[in-house]
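Peer 1: Input: one structure, supplied below.
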Amino acid sequence: MYYSDQTIVFLNGRYINAKEATTSLYSQTMHYGNGVFEGIRSYTTPEGTSIFKAREHYERLLYSAKKMHIRLNYSSQELEGITYTLLKKNNLSNAYIRPLVYLNENMSLTPADGTNLFIAAWEWGSYLGNELQRVMLSSYQRPNPKSCYIDAKIAGHYTNSILAATEAKLSGFDEALLLDADGFVAEGSAANFFYEKEGVLFTPCKTNILPGITRATIFELADELGFSVKEQQFTPDVLKEADSAFFCGTAAEVAGIASLDNIPFKKQWEDSLGYIIQKGYKKLVTQKRKLTVA
Ligand code: PMP
């Protein structure tokens, strides 16, 4: 699914066949999850292939590496250039791009000296699919921001996401909504959360979530569309009275939510602000220009 005989990946300065890319089983990333990564998308636009917010993603990768004391000797411009070359070599335009910074062999709990950079790309449909999501309130909390850098994209943090997403699927739902350590709504397993109430969009504050690049884009879109967005803490009970809700993230894009714990949101998705935002987002990423809404 992720690669074929022809796929080229970038590994430590070289573009090589995916099947020839190997790593050590003693890698610190393999044992302790100390690695950082990104999830990026490129789109076909009238001006050609465009990586959406490449700079922001690579700046976040550098930030994540720094927080974990991982030395990564690339600038965001260099990383962006490598990624365009990789897309070209694979003849990809609408693609999902996965840079991973992983570490060399080290079984002690200090960062390994050697850092590896792997970048792969493949065609990947919407991460949450195109159906409205049936969401459950997770029994898992997001990691406490005092226990780690929750705003960084660190491999090990995703064990929390895997537990929550798996619990949701095993319970017959599509996706999980997680609370933070204080009991306020935080985010999905790999996406940020917004809800609509009386014409206003609400979303959790940045402090206890991974504040996504898509989330920031939603703020820009809402501003252009004249919708107001409020960042605030809220408990899940307010969602019983909400008009609509959606997840957003690079992989998920904008995904409408049908219900939370089987309680449906009041508005039909097609009548919601999220639906307008979803259309605006698609337009923005594929047209490489500022949004104007008819
Ligand atoms: N929260 C979590 C936990 C995520 O993994 C992601 C995906 N990176 C997001 C939010 C959305 O972030 P972005 O919009 O930057 O993809």
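Peer 1: Kirkwood Rh and Cα-based Rg: tell me the resulting Rg over Rh for the range 8-122, rounded to two decimals.
Peer 2: Details: Rg = 14.3 Å, Rh = 14.6 Å.
Taking Rh as the inverse mean 1/r over Cα pairs, Rg/Rh reads 0.98.
Peer 1: Something else now. Quick check: Cα centre of the range 223-294 to Cα centre of the range 45-85, how many Å?
Peer 2: Answer, in whole Å: 27.
Peer 1: For the residue pair Thr110 and Trp124, what label-to-label distance in nm results when each label sits 7 Å from Cα along the Cα-to-beta-carbon direction?
Peer 2: 3.5 nm
Peer 1: Quick one: with all protein chains in place, what share of the accessible area of the range 8-122 is carbon or sulfur, to the nearest percent (1.4 Å probe)?
Peer 2: Numbers: 2860 of 5580 Å².
The value for the range 8-122 is 51 percent carbon and sulfur by accessible area.
Peer 1: How much area per residue is accessible in the range 12-73 when the probe is 1.4 Å and only protein heavy atoms are counted (Å²)?
Peer 2: Numbers: 3280 Å² over 62 residues.
That works out to 53 Å² per residue.
Peer 1: Can you tell me the length gained on complete extension of the stretch Val238 to Glu270, counting 0.36 nm per residue apart and subtracting the Cα distance? If you can, show how the numbers build up before the last one.
Peer 2: Values: separation 32, 0.36 × 32 = 11.52 nm, distance 2.17 nm.
Extra length from Val238 to Glu270 when fully extended: 9.4 nm.
Peer 1: Kindly state, to the nearest 0.05, the FRET efficiency for Glu56 paired with Asn262, given R0 = 51 Å and r defined as their beta-carbon distance.
Peer 2: 0.90
Peer 1: Okay, next question. Work out the FRET efficiency for Lys230 and Lys146 from their Cβ-Cβ distance, taking R0 = 30 Å, and round it to the nearest 0.05. If you can, show how the numbers build up before the last one.
Peer 2: Details: r = 25 Å, r/R0 = 0.84.
Once rounded, the FRET efficiency stands at 0.75.
Peer 1: Give me Rg/Rg_expected for the range 133-287, where Rg uses Cα atoms only and Rg_expected = 2.2 N^0.38 Å with N residues. Write down the numbers at each step before the final one.
Peer 2: Values: Rg = 14.5 Å, N = 155, 2.2 N^0.38 = 15.0 Å.
This ratio for the range 133-287 stands at 0.97.
Peer 1: Within straight cross-link reach of Lys197, meaning Cα distance under 28 Å, which lysines are found once same-chain residues fewer than 8 apart are removed?
Peer 2: Within reach: Lys169, Lys206, Lys230, Lys240, Lys266, Lys267, Lys279, Lys282, Lys283, Lys290.
Peer 1: Using alpha carbons only, how many degrees (0 to 90, rounded to 10) separate the axis of helix 158-170 from the longest principal axis of the chain?
Peer 2: Between helix and principal axis, roughly 50 degrees.
Peer 1: Now for a different question. For a quick check of your reading of the filter: which GluC sites (Glu not before Pro) in the range 40-72 sit in a DSSP loop and have no more than 15 other Cβ atoms within 10 Å? Each step should come with its number before you reach the end.
Peer 2: Working: sites: Glu47, Glu56, Glu59; in loops: Glu47.
Here the GluC sites (Glu not before Pro) that fit, given the DSSP loop and packing criteria, are Glu47.
Peer 1: Return one whole number: the accessible area per residue of the range 146-197 in Å², for a 1.4 Å probe.
Peer 2: Values: 1980 Å² over 52 residues.
Dividing the accessible area of the range 146-197 by its residue count gives 38 Å².
Peer 1: For Met30 and Leu137, what does the FRET efficiency come to when R0 = 51 Å and r is the distance between their Cβ atoms, rounded to the nearest 0.05?
Peer 2: Working: r = 33 Å, r/R0 = 0.64.
That pair, Met30 with Leu137, gives E of 0.95.
The values are calculated or read from the model by the stated rules, or taken from the named source; none is laboratory data. Owing to the predicted nature of the structure, the values given are computational and were not obtained by experimental measurement. A quick note on method: Cβ atoms are made from the backbone with ideal geometry, for glycine too, and the neighbour counts reach across all protein chains shown. Heads up: the accessible areas ignore ligands, DNA and RNA and are worked out on the full protein's heavy atoms, side chains in. Shrake-Rupley method; radii C 1.70, N 1.55, O 1.52, S 1.80 Å.
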